[in-house]
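Visitor: Before anything else, here's the structure in question.
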Amino acid sequence: MSEEPPAPREQIIVDLEPGSEWRFELEADENIALRVLSPDPVFINSEELPPATWYPIHRYTKGALYAPTQARVEVTSLPASQYISTSTIHPQLLNVHLALERNRILAKRQLFSSGPSNGVERVERGPRVMIMGPPSSGKTTVVKNLVNLALSSGMGWTVGVGGLDPSSPSNLIPGTISLSTPSHPLPTHHLAHPFGSPPTSTPSNTLSADIPTVGWWLGGLEPTNRNAEVWKVLIERMGEDWKKRCERDKMALASGLTVDTSSAFTNPLLGTKKDDPKARYTLVSQAVEAFEIDTILVIGHEKLHIDLSRLPTLQQRGTNVIRIPKSGGVVDIDDTQRELIHSFQIRSYFYGEPPLPKELAGLLGKMVSVDGNLNPYSFQIGWETLVVLRVGEENSAPSSALPLGSSRILSPTRLTRVDPSGPAHVVRLLNTVLAIVDIKPEDRIKPETSPKVEEVKAETGEGEEVKEEQQEEEEDMEEVPFKEEIGTREVLGFIVITAIDTLKKKYTVLSPSPGKLPSTVAIAGSIEWVDSA
């Protein structure tokens, strides 16, 4: 008997009034596709949806469609949580975009014309904007909208995107901060890459891939007082790299930079040193100086807006602090949801974009093309071959392990080699994500015989003697034969240690592609991942 043909799918239509949004929140078992049936455009995060073409959206995604004019959208199924709202912040975002676009046009005219300005306002570079706000305020969404508006203007901009939120990386692995330069609008298909996919070794069929990206490894989900010094070094390096890029590329200089930040930036005491306890928003001031930020957009937080407006360092630089409203469609994300997103992002790095769900693969009509899967490679490598390091003073031996009365001075970017033969709770290498860094011949430190450290003895009132050490232990220096700067260098890629064989003294690692590792020096952090898919 021949199988009966499937029943025709019921057509579900969502009608949008001018200036309204259709907001949706997809659950674990919900995958939808939508297509625009009306002649006027419909946008998702300021990316225009292709007309009469199915646009897939994967599970757990939360988003909104915006219709500036009356529109009709067909949806494969209605999510359990969905509604239409006429309250939207798109007009405010459009006003911000127009002001930024004016600066870009003036900067381009100044940089690419050789004649006199004829009284036109002189603008030497494009706008540099930093977005700030508390957790779950929609910072990443605002950045994505502003970038998409600029890339859709038809002016050929290559807007830089600075990802200073390690918990929501632009298009790499959680724990990284990055700089990328997209040249086309960024889609909203799934949670893995908020600002598009990084280049892969396979041909890409979707507009989300092949976004040039440079990443730096923090190894944590946010800046804290413990890793603040490492964070500052990373930001300085990012700022230097962006300056070099702008010196080589006038269009990048005219296009400007949009920076997404961590919600930890709202803590005024973050990064404050003991020798300057009255300093406030230290990391904010440092980022503004490193990237030469001229405008800060604060989402909804009135006190933060006032504090930053009064900050002396920003006043001296003439940085504008503007408050914009928080969208009513912003969804609060709990810790469980964040862990799920982080796991999804790491898996997508190794296995590629998620495949098209079965319920969407059989749709009739044109479908937005998606990328193919990647084939990661698992292999073993010896303990002596792969050098695993940790960065930061907090990874060294505690002061309590030193002799009574001893002290030492450690560099904030000090490197410590991980001994895999130690206790598991101390080593913390199993299922740990490692960042591969490039090593050059000049990065190696030649072993030298150091003179013995003289002990300085001082007698106290009670006749006791206290030993003061004037430099670090030489044993630690010999364990890491590399300069400290490699710990804050841009990364080449990532691997995961999936198993540790203590008898054979080998790691089993998962790499996104087969072949030899580009470097055998890796930096470990606190990011762990177990493939549960």
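Visitor: Return yes when G162 is crowded, with 24+ Cβ neighbours inside 10 Å, touching a residue at least 12 places away in the same chain (Cβ under 8 Å), within 21 Å of the chain's Cα centre (by Cα) and not in a helix (DSSP H, G or I) and no when it is not.
Guide: Yes: the conditions hold for G162.
Visitor: Something else now. If a residue must be open to solvent by less than 10 Å² (accessible area, probe 1.4 Å) and among the polar types (S, T, N, Q), how many such residues does segment 495-510 contain?
Guide: 0
Visitor: From A254, A279, which residue is in the same structural domain as V214 (by TED's automatic domain parsing) and touching a Ser or Thr at 6+ places or on another chain (Cβ under 7 Å)?
Guide: Only one candidate qualifies: A279.
Visitor: Would you mind telling me which numbered condition in (1) surrounded by 18 or more Cβ atoms within 10 Å (Cβ to Cβ); (2) under 25 Å from I299 (Cβ atoms); (3) at pLDDT 95 or above V73 fails?
Guide: It is condition (2) that V73 fails.
Visitor: Looking at (1) more than 18 Å from T385 (Cβ to Cβ); (2) in a strand (DSSP E or B); (3) open to solvent by 50 Å² or more (accessible area, probe 1.4 Å), which is the only condition D531 fails?
Guide: The number of the failed condition is (2).
Visitor: To continue, here is another question. Tell me whether segment 81-101 contains one or more residues that are farther than 24 Å from P325 by Cβ, open to solvent by less than 50 Å² (accessible area, probe 1.4 Å) and touching a residue at least 60 places away in the same chain (Cβ under 8 Å).
Guide: No.
Visitor: Return only the number of the condition from (1) at pLDDT 90 or above; (2) among the small types (G, A, S); (3) farther than 21 Å from A228 by Cα that S400 does not satisfy.
Guide: (1) is the only condition that S400 fails.
Visitor: Take A150 and tell me if it is open to solvent by 60 Å² or more (accessible area, probe 1.4 Å) and either in the same structural domain as F265 (by TED's automatic domain parsing) or more than 30 Å from D332 (Cβ to Cβ) (or both).
Guide: no
Visitor: Right, here's the next one. Which condition breaks for P134 when tested against (1) assigned by TED's automatic domain parsing to the domain that holds Q286; (2) open to solvent by 50 Å² or more (accessible area, probe 1.4 Å); (3) farther than 24 Å from I211 by Cβ; (4) part of a loop (DSSP other than H, G, I, E, B)?
Guide: Single failed check for P134: (2).
Visitor: Of (1) in a helix (DSSP H, G or I); (2) crowded, with 18+ Cβ neighbours inside 10 Å; (3) within 24 Å of the chain's Cα centre (by Cα), L314 satisfies all except one. Which?
Guide: Result: L314 fails condition (3) only.
Visitor: Of all residues in segment 487-516, which are in contact with a Ser or Thr (Cβ under 8 Å, 6 or more places away or on another chain) and without any contact (Cβ under 8 Å) to a residue 24 or more places away in the chain?
Guide: none
Visitor: If you don't mind, there's one more thing I want to ask. Please find, within segment 374-394, the residue that is farthest from the chain's Cα centre (by Cα) out of those that are open to solvent by 70 Å² or more (accessible area, probe 1.4 Å) and of a type in the set (D, E, K, R).
Guide: Looking at the filtered set, the residue picked out is E384.
Visitor: Let me ask you something else. I'd like to know if segment 333-340 contains one or more residues that are farther than 30 Å from G493 by Cα, over 19 Å from the mean Cα position of the chain (by Cα) and outside the structural domain of F494 (by TED's automatic domain parsing).
Guide: Taking every residue of segment 333-340 in turn, none turns out to be farther than 30 Å from G493 by Cα, over 19 Å from the mean Cα position of the chain (by Cα) and outside the structural domain of F494 (by TED's automatic domain parsing).
Visitor: Also, I was wondering about something else. Given the criteria open to solvent by 30 Å² or more (accessible area, probe 1.4 Å), modelled with pLDDT of 95 or more and either touching a Phe, Trp or Tyr at 6+ places or on another chain (Cβ under 9 Å) or not in a loop (DSSP other than H, G, I, E, B) (or both), does I322 qualify?
Guide: Yes: the conditions hold for I322.
Visitor: Now for a different question. Which residues, counting only those in segment 15-44, are open to solvent by 40 Å² or more (accessible area, probe 1.4 Å) and not in a loop (DSSP other than H, G, I, E, B)?
Guide: Selection gives D15, E25, R35, F43.
Visitor: Sticking with this structure for a sec: If only one of L111, L93 is hydrophobic (A, V, I, L, M, F, W, C) and at pLDDT 95 or above, which one is it?
Guide: L93
The values are calculated or read from the model by the stated rules, or taken from the named source; none is laboratory data. Predicted, not measured: the structure shown is a model, and the values here were computed from it. All Cβ positions, glycine included, derive from the backbone under ideal geometry; neighbour counts span all protein chains shown. We work out accessible area using only protein heavy atoms, side chains counted, and drop any ligands, DNA or RNA first. Shrake-Rupley method; radii C 1.70, N 1.55, O 1.52, S 1.80 Å.
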